[in-house]
1. Rounded to the nearest 500 deg cm²/dmol, what is the calculated helix-only ellipticity per residue at 222 nm for the chain, with -39500 (n - 2.57) per DSSP H run of length n ≥ 4?
2. Can you list the HN-Hα couplings for the range 48-64, worked out from phi with the Karplus curve (6.51, -1.76, 1.60; θ = phi - 60°), rounded to whole Hz and with x for Gly and Pro?
3. All other residues with a Cβ under 14 Å from the Cβ of residue 8 taken together, and with Lys, Arg as +1 and Asp, Glu as -1, what is their net charge?
4. Considering only protein heavy atoms and a 1.4 Å probe, what is the carbon-and-sulfur percentage of the accessible area of the chain?
5. Can you tell me, using C-alpha contacts under 8 Å and at least 6 residues apart, the relative contact order of the chain as a whole percent?
6. Express in nm, to one decimal, how much length is gained between residue 1 and residue 28 on full extension, taking 0.36 nm for each residue of separation and deducting their alpha carbon distance.
7. Please give the net charge around residue 22, taking every other residue with its beta carbon less than 13 angstrom from that of residue 22, where Lys and Arg add +1 and Asp and Glu add -1.
8. Under the Kirkwood approximation for Rh and a Cα-based Rg, what ratio Rg/Rh is obtained for the chain?
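The values are calculated or read from the model by the stated rules, or taken from the named source; none is laboratory data. Since the model is a prediction, treat every value here as computed from it, not as a measurement. Note that each Cβ is placed from the backbone with ideal geometry, even for glycine, and that neighbours are counted across all protein chains shown. Keep in mind that these areas ignore ligands, DNA and RNA; they rest on the heavy atoms of the full protein, side chains included. Shrake-Rupley method; radii C 1.70, N 1.55, O 1.52, S 1.80 Å.
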Amino acid sequence: MTRVVVDVMLKPEILDPQGQAVLTALPRLGVAGISGVRQGKRFELDLDGEADAEALARIEHLASTLLANPVIEDYVVRVEAD
């Protein structure tokens, strides 16, 4: 079995209110030295077989049409090491 991970993040120019809320809460929790927080999504897909070119192309299509909104989000598809 092979695991493929799709990380989805808002594009840098898009405001991230959840990240901003976390950043605002950090000092109240005693955490210092953090200057920015961005919130994202992680999808883990377990393949029955190998992560060959055809499987990665299908996942790339899935990421661009279902998992991410390419207008406001960037995504990265990667094969996770065992």
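1. Calculated from helices alone, the mean residue ellipticity at 222 nm is -6500 deg cm²/dmol.
2. Working through the residues one at a time gives 5, x, 7, 8, 7, 4, 5, 5, 5, 5, 5, 5, 4, 5, 4, 5, 6 Hz.
3. That sum, taken over residues with Cβ under 14 Å, equals -1.
4. Heavy-atom surface of the chain belonging to carbon and sulfur, 1.4 Å probe: 57 percent.
5. So the answer I get is 53 percent.
6. So the extension gain works out to 5.4 nm.
7. It works out to a net charge of +1.
8. Values: Rg = 16.0 Å, Rh = 14.5 Å.
Value, to two decimals: 1.11.
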